[in-house]
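Report on the structure given below.
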């Protein structure tokens, strides 16, 4: 939810298929600031934003059954997600977690693994060391057995507020930023015969059980339904795909994203660290021909300027607190960026001129916002 629409993958329906039932999950909701006591309205507004972004970036015409907002860190929304899976899953076929890298997908998988395994003995639990050569991605297909009764028990426990804390020595939740070099599970200790456990296809030198033909063809395993964690998709539209491990750590703090509001006048530029720049060019008002109607034609002669006293706008930035906000004139914006990009003044990226030589330049996009205001 903190990187829309960058975390949406275009043309994903070509892989998934339009007929597949889809539950869209917006993660990292805990990073966003709470809007006073109107959390219900805020949640609905965020769902509408997510739905609009999905339709505009690859999920137009998709069989979307529900929208859920969750936090893989705090567990917010997990009950609703489990309920929606129960509602739309007929227990025929497996469930796949699909998404871009650095969206917390594997963290959500680990949380579900923890909660669904809460009553299992230590001998049946496995610990996964989540990893990748590329930060924030899972390299291999991971899976965990899942069933309707497990989801019902989870919903019941969370609604009653009875959740046993798993033993962290056996189940580990991965960090948001992953820096280990491979993905695997620890070998199961004294497994119970006939009990399916989390499996992953791994390299032979890891010493972990591999999915063999005999295992796949086993009748009990063929009837088992699974929750899959798929490798994260590297999306060129994500800013995180351009950053180093250190920069990713700075960009993903443990603190909330606190809104920062500034006043911009025409001709001002806002630098959001070294990652983005907003130029406020101009503001105009549209000629009103009556007290009740506006002429919505876009011809130039229907627009006029407004007094300087009311041309300033409030601009609110909701981003990582490690991204500083700087205001300067549009004429000086290039000079400020060229001089301080890669330094602590702009925060991210880091590494000085050498780092900026490999960092791509800004891409210009012109935005136009129009709104009806009473009295103008």
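No lab work stands behind these numbers, since they all come straight from the coordinates. The structure displayed is predicted, hence computed values, not measured ones. So basically every Cβ, Gly included, is an ideal-geometry build from the backbone, and we count neighbours across all protein chains shown.
Which FRET efficiency value, to the nearest 0.05, is calculated for residue 86 and residue 56 with the Förster distance at 30 angstrom and r the Cβ-Cβ distance?
Result of the calculation: an efficiency of 0.55.
For residue 366 paired with residue 256, estimate the spin-label separation in nm (one decimal), with each label point 7 Å from Cα along the Cα-to-Cβ line.
Taking the simple label geometry, residue 366 and residue 256 are separated by 3.9 nm.
What is the extension gain from residue 331 to residue 44, computed as 0.36 nm multiplied by their sequence separation minus the C-alpha to C-alpha distance, in nm to one decimal?
99.3 nm
Given labels modelled 7 Å from the Cα in the Cβ direction, how far is it in nm from residue 160 to residue 353?
Result for the modelled spin labels: 6.7 nm.
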